[in-house]
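Remarks on the structure that follows.
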Amino acid sequence: QIRPALPTPKPWISQIHAYVPGKSKGHDGRPLTKLSANENPLGTSPAALAARAEAAAPALYPDPDSNALRAALGQLHGIPAARIVMGTGSDEILHIAAQAYAGPGDEIIYVRYGFSVYDIAARRCGATPVVAPDADYGTDVDALLALVNEKTRVVFVANPNNPTGSFLPRGEIARLHAALPSDVLLVLDQAYGEYVSPEDEDGAMALAQSAGNVLVTRTFSKIYGLAGERLGWGTGAPHIIDALNRIRGPFNLSNSAQAMGLAAVADQSFVEASRLHNLATRQAFVAELEQLSNHGIRPLPSEANFVLILFEGNLTAETVYNGLMEIGYITRWLPNQGLPHGLRITIGSKAQMDEIAAEIRRLAQ
Ligand code: PMP
């Protein structure tokens, strides 16, 4: 047999479209106000920033198990630290969850307009991604369940979902879980979970503690304002945490990440201020946009720190994307995610959102 001239990636690796992050610059390379990656407009807790200086020396390896941080998270959420696994961002948890439970010949289900990493995570381990139809851009539990078969190993649901902002209420999450076979891992991705109003809480965290097949993932990248430090975590039954701990990166959270994460968890006043800022600013922004419905402009209901706006009339999402760049903002236009008519805008400051709403109104008229 003739060997190939070069190392050849596995065929399923060659089929992956690499993740496309939200941009921070305009077409001409000009830096713009970035509302394209759902980062926290309030920045980072001052206590977390101060903790950076106190972190263990960079010459030393970090605590491989992030013990102090897991203990703090466990205390905050009322769950045993042993049921928590840390990841280099929640992206790492999503990838290792797919890898631990699925491989070639297996299927991983997620909904259309779901978070783009699910496709990469499924393909990376050689499994087949199976995409369920949405229900007006939201997650359709029945459509997901209809695709479950004996090959199904993992189901990914983001709640709230990115990029749509859609949210499944507690009853729907419970119904999905109850109907899934117990050997299918249900990953409930709560990257935006802290933005959800307490009265709308979806029960995912409790389900991850009581069920044997649920993994909840969370991140410090959004409400905690630590996207650049790469901290995420997952919680679920001990056997799930054990499997993920076997394959995660051995020192996957840096010294500075662990120190800043610990201080950030202790500063819940920053988290609450971020949540309240987001809620008020998002509601006002959506109310402004709803006045433009006669121009085919439709902001989708969102429980997250962004809004997906659909442009279904004469004004196109591309025109608005370019127009907002002209006035200094980079947002997320989504033609590559099947949403050429969709523009996702992170909730920034009140002044920024007012300026953006005014510009969209101007472009529509
Ligand atoms: N899940 C969802 C739904 C997201 O939107 C994101 C961030 N874009 C992530 C997970 C991953 O975030 P991180 O790796 O920064 O924790």
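What follows is calculated from the coordinates using simple rules that are stated; it is not laboratory data. In this text, all values refer to a predicted model and were calculated from it rather than measured experimentally. Every residue, glycine as well, gets a Cβ built from its backbone with ideal geometry; the counts of neighbours run over all protein chains shown.
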(request) Kindly count the pairs of lysines across the chain whose alpha carbons are less than 20 Å apart, treating pairs on different chains or eight or more residues apart as eligible. (result) 6
(request) Would you mind pulling out the separation of the Cα centroids of the stretch 173-195 and the stretch 32-102, in Å? (result) 21
(message) Give me the one-decimal nm value for the distance between modelled label points at Thr128 and Arg246, 7 Å along each residue's Cα-to-Cβ direction.
(response) 2.6
(request) For the stretch 227-325, report the translational diffusion coefficient in µm²/s to the nearest whole number, using Stokes-Einstein at 37 °C, 0.692 mPa s, and a Kirkwood Rh over Cα pairs. (result) 188
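How much length is gained if the chain between Ala71 and Leu145 is pulled fully straight, taking 0.36 nm per residue apart and subtracting their Cα-Cα distance, in nm to one decimal?
Residue separation times 0.36 nm, minus the Cα-Cα distance, leaves 23.1 nm.
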(request) Mind listing the long-range amide H neighbours of Glu312? Cut-off is under 5 Å, sequence gap 5 or more, other chains count too, H placed in the peptide plane at 1.01 Å from N. (result) Ile297, Arg298
(message) Please list, in order along the stretch 110-116, the HN-Hα scalar couplings obtained from phi with the Karplus expression 6.51 cos²θ - 1.76 cosθ + 1.60 (θ = phi - 60°), rounded to whole Hz, x for Gly and Pro.
(response) 8, 8, 4, 6, x, 5, 5
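Relative contact order of the chain: what whole-number percent is it, with Cα pairs under 8 angstrom and at least 6 residues apart?
Values: 717 pairs, mean separation 81.9, N = 365.
Relative CO of the chain lands at 22 percent.
Taking the Cα centre of the stretch 102-142 as the origin, how large is its charge dipole in debye, to the nearest 20, when only Lys and Arg (+1) and Asp and Glu (-1) carry charge on their Cβ atoms? Display every interim value, and only then the final one.
Working: 3 positive and 7 negative charges, 59 e Å.
So the dipole magnitude of the stretch 102-142 works out to roughly 280 debye.
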(message) To check you understand DSSP bridge types, tell me what percent of the beta bridges within the chain (both residues inside) are antiparallel, rounded to 5.
(response) 55
(request) Report the dimensions of the stretch 1-41 along its three principal axes from the alpha-carbon atoms, largest first, rounded to Å. (result) 57, 23, 12
(request) Would you mind telling me which residue in Asn67, Asn252, Asn336 has the biggest mean-square fluctuation in a Gaussian network model of the chain, where springs connect alpha carbons within a distance under 10 angstrom? (result) Asn336
(message) Quick check on packing: order 160-167, 183-190, 103-110 by the mean number of other C-beta atoms within 10 Å, highest mean leading.
(response) 160-167, 183-190, 103-110
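For the stretch 47-267, how big is Rg over Rh, using alpha carbon atoms and the Kirkwood form of Rh? Numbers along the way, then the final one.
Values: Rg = 16.9 Å, Rh = 17.5 Å.
Radius of gyration relative to Kirkwood radius: 0.97.
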